[in-house]
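Structure, as structure tokens:
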Amino acid sequence: MSWYRRTYDWLERRLQLEGPIKDAVLHPVPKSTASWWYVFGSASAVLLVLQVVTGILLALVYSPSASHAWNILQVLNHQVPLGWFLRAMHGWGSNFMVAVVVIHMAQVFLFGAYKFPRELTWIIGVFLLLLTLGMAFTGQVLRFDQDAYWGLAIGASILGRVPWIGGQLVQLMLGGPIINGATLTRFFALHVFILPGTLLVLTGLHVWMVVKLGINEWPMPGRLVRRETYIQEYNELAHKDGLPFFPGAAWKDAYFAAAILLAVAICAAIFGPYGPTGTPDPTIINTVPRPDPPFLWIYTVLSYLPPEMETPFLLIVPPIVIAVLLGLPFVAGVGEKSWWRRPVAVFTVMFLAVCWASFTHLATSTPWSPKMNAWSGSPIPTAFLEHRTPLERQGANVFQEKQCRNCHSIGGSGGERGPALDDVATRLTEDQLIRQVLLGGGNMPAYGSTLSPPETTALVRFLNTLHPNYQPAASDASRAVAEQGGGPPASTVEPGNGQHKTQ
Amino acid sequence: MDEKLPPPSPQEQEQEQEQLLERDRISRRSFLMNVGLAINAAVGVLLAVPVVAYILGPVMRRREYLTWVDLGDAAKFNPGETKLVSFRNPFTNEWDGETANIPAYVRTAAPGRYTVFAVNCAHLGCPVRWFSESQLFMCPCHGGVYYADGSRASGPPERGLFEYPTKIENGHLLIEAGQMPTLSNRAAVRPCREQSQPTLVKRIAPCPGTDEPTIG
Ligand code: FES
């Protein structure tokens, strides 16, 4: 007997692991599960391992001290050899993990895998998703920069909306009255011990149940799940038309795992680490906090909700969503698994995917935020100033100076909070413009107390020139009638942008 | 090197265990075991008390978090101006670093009349920016806008900016500060004294025109 065989035997006699491992790895699975659709679960686990490993490596250098964390990230980025790469791997690994976990969830939902007898596997999966999101948020906090600071402020403000115990919850979360060192150490403990510990234990249970209950078979229309017969049917499928999990189905998992790890590494190498952005100094208020990618959609939702819906949405919707996810296997635990026979399920997934994609896309351009420096940084294009009277040009000055540009774009630059004003004169008459400017309304602040009467006149004169050549400015017919002492006006066409051509 | 460490087969093992358990079901040993479990439960509860108290520590100190903070000579704030100031939070450790420097806006509406706003947006706490030309506070997060007096102008916030209680002592401007303003400390919306307000206005600005402070 060779020496390694003897060593193996010596170890195996004491460990006795060969049996259970062989059982787990070689157990027969239905042939249909050896599909590329079934690789996302194992990929999530592989990414979890990647996160643990890169996380431990970062912990070799990181220190959860509010006064040092930011500097240590700079050291990691610039001084520790390849520190930037490990930070990038951890950050991109996190994005990939959230994405793969969500895809995995959508897949098992569409394949009806949450039905009998795998209800508990699904429920634990829901908690795994929540933990993954929790890891993403707490991880963003450990990157202790401006985004982290204001992300915490947003988190605290959300908790502060809880009735009765909101104040206590805020202090519990922050570890004190404000965001400071105690907050960072709390989130460190969460991110490094509490959440990953729970995540690993639950992942273990999740995988254990997959092995014990078998991988969900490929759903066939008309093959209904019944509690009385399912186990028997499944065993028949696995044994008669099955193959051992290893290597029959596992090779695809292996390929995909390698591909995803490579993708993380490539993203890390090309795009580099996340931040840190500015120092976590709250007195630097010229900052534009942005959440990390997994939370961008929430950012959009919170921007578009009407004010009175904010608190109900923040406090009621998340528990409902979680309750629906947890209750799903109990409500729809048996019956049809195939997506061909579950249109509601398919449309739900498609609807959520479209919502998620468009919300996330919106959050990358944030049309609801004023562009804070548009008033000083984006001048009015000269085309809008040519052939204007001095008063109108003065109005353009007022327009720029009073920061109207922060919310209104002209010629394609400026904020998008309010409507673009390139052709505002075709929509509002002079009187309506005056009213809108002075009294505001429809989400626009009132400028009555900030504009002097001459400024208002100049501004409105300028706004009144904003219409295309071929379209006259809107005008109030009755006013024209009154001005001309009765009788209809000769023409309602007023000279506008490029008026020299029409005259 | 032929070692013999044969494991008992699972079934044998189970039977054996069951027999042993059966024999001990009503015996001194099982009684002692139950007592042992009970003792552990009691000790567990006993240990849980300090653990829970430790975790809730920051919550239980709640009332002590407020104190009067000196913002300096009141004369340096010019009437008609809104100025960004910062102060060191009164409850702070050395290792809090820059996070303990808290900004605030001091508005001097008229000589001697000071209003101090928190920079935190009343929506979700982002730092609002002051634009003196248009006399507006704008929030970079979700587009909340406030007027110079702190009342809500537009966007998702459902109320005006949070205000610190102020007082003047020996010519210095003092504010009562120490904790982050959220909707659930004393900064929460309170009913206004005048009842005659139309509901729309009430929703937009909790107590317009009053000097009632909203942070606590
Ligand atoms: S935090 Fe200011 S608008 Fe949301």
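Annotations for the structure displayed:
- Remark: mean inter-chain Cβ contacts per residue of B:150-163 equal 3, using a 10 Å Cβ-Cβ cutoff to other protein chain atoms.
- Ordering B:PHE31, A:PHE144 by accessible surface, largest first, gives B:PHE31, A:PHE144; the 1.4 Å probe counts only protein heavy atoms, with every chain in place.
- Rounded to the nearest Hz, the phi-derived 3J(HN,Hα) couplings of the stretch A:186-199 under the Karplus curve 6.51 cos²θ - 1.76 cosθ + 1.60 (θ = phi - 60°) are 4, 5, 5, 4, 5, 6, 9, 10, 5, 5, x, x, 4, 4, where x marks glycine and proline.
- 1.4 Å probe accessible area per residue over chain A, in Å²: 49
- Accessible area per residue was computed with a 1.4 Å probe on protein heavy atoms; A:ASP431 scores about 70 Å².
- Proximal aspartates and glutamates to A:LYS402, defined as alpha-carbon separation beneath 18 angstrom and excluding residues fewer than eight positions away on the same chain: A:GLU392, A:GLU416, A:ASP422, A:GLU455, B:GLU81, B:GLU133, B:ASP149
- Here's the list of aspartates and glutamates a cross-link from A:LYS22 could span, going by alpha-carbon distance under 14 Å and ignoring same-chain residues fewer than 8 apart: A:GLU12.
- Residues A:THR364 and B:MET60, FRET efficiency given R0 of 41 Å [Cβ-Cβ distance, rounded to 0.05]: 0.45
- Solvent-accessible surface ranking, highest first, for B:ILE168, A:ILE298, A:ILE215 at 1.4 angstrom: B:ILE168, A:ILE298, A:ILE215
- By a 1.4 Å probe calculation restricted to protein chains, A:TYR38 has an accessible surface near 40 Å², given to the nearest 10.
- Area accessible to solvent at A:ILE72, 1.4 Å probe radius, in Å²: 30
- Pairwise FRET efficiency - A:ALA446 versus A:VAL52, Cβ, R0 = 60 Å, nearest 0.05: 0.60
- Counts of other chain beta carbons within 10 angstrom of each beta carbon in peptide A:275-281 average 2.
- Share of carbon and sulfur in the accessible heavy-atom surface of the stretch A:1-58 [1.4 Å probe, %]: 72
- The listed residues B:MET138, A:MET309, A:MET444, once ranked by accessible area (1.4 Å probe) with the largest placed first, stand as A:MET309, A:MET444, B:MET138.
- Phi-based couplings in Hz for the stretch A:394-411 (Karplus 6.51, -1.76, 1.60; Gly and Pro marked x): 4, x, 4, 4, 4, 4, 6, 5, 8, 6, 4, 4, 4, 10, 10, 9, 9, x
- Separation in nanometres of the label points that stand 7 Å from Cα toward Cβ, at A:ARG227 and B:VAL49: 4.5
- Separation of the A:ALA24 and B:VAL35 label points, Cα + 7 Å toward Cβ, nm: 4.1
- Note, ³J(HN,Hα) from phi for the stretch B:134-142, Karplus 6.51, -1.76, 1.60, rounded to Hz, x at Gly and Pro: 9, 6, 9, 9, 10, 9, x, 7, 10
- Based on alpha-carbon atoms, the Kirkwood radius and the radius of gyration of the protein assembly as shown give Rg/Rh equal to 1.07.
- Interface of B with A. Using a 1.4 Å probe and counting protein heavy atoms only, the two chains hide about 5400 Å² of accessible surface, both sides summed.
- Residues whose amide H lies under 5 Å from that of A:LEU243, counting only those 5 or more places away or on a different chain, are A:VAL29, A:LYS31; hydrogens are built 1.01 Å from N in the peptide plane.
- Extending 7 Å from Cα along the Cβ direction at A:HIS239 and again at A:ALA353 yields two label points whose distance is 3.8 nm.
- Proximal aspartates and glutamates to B:LYS167, defined as alpha-carbon separation beneath 16 angstrom and excluding residues fewer than eight positions away on the same chain: B:ASP70, B:ASP73, B:GLU176, B:ASP211, B:GLU212
The values are calculated or read from the model by the stated rules, or taken from the named source; none is laboratory data. As the structure is a computational prediction, the values presented were derived from the model and not from experiment. Ideal geometry is used to build each Cβ from the backbone, glycine not excepted, and the neighbour counts take in all protein chains shown. Surface areas here come from the heavy atoms of the whole protein model, side chains and all, with no ligands, DNA or RNA. Shrake-Rupley method; radii C 1.70, N 1.55, O 1.52, S 1.80 Å.
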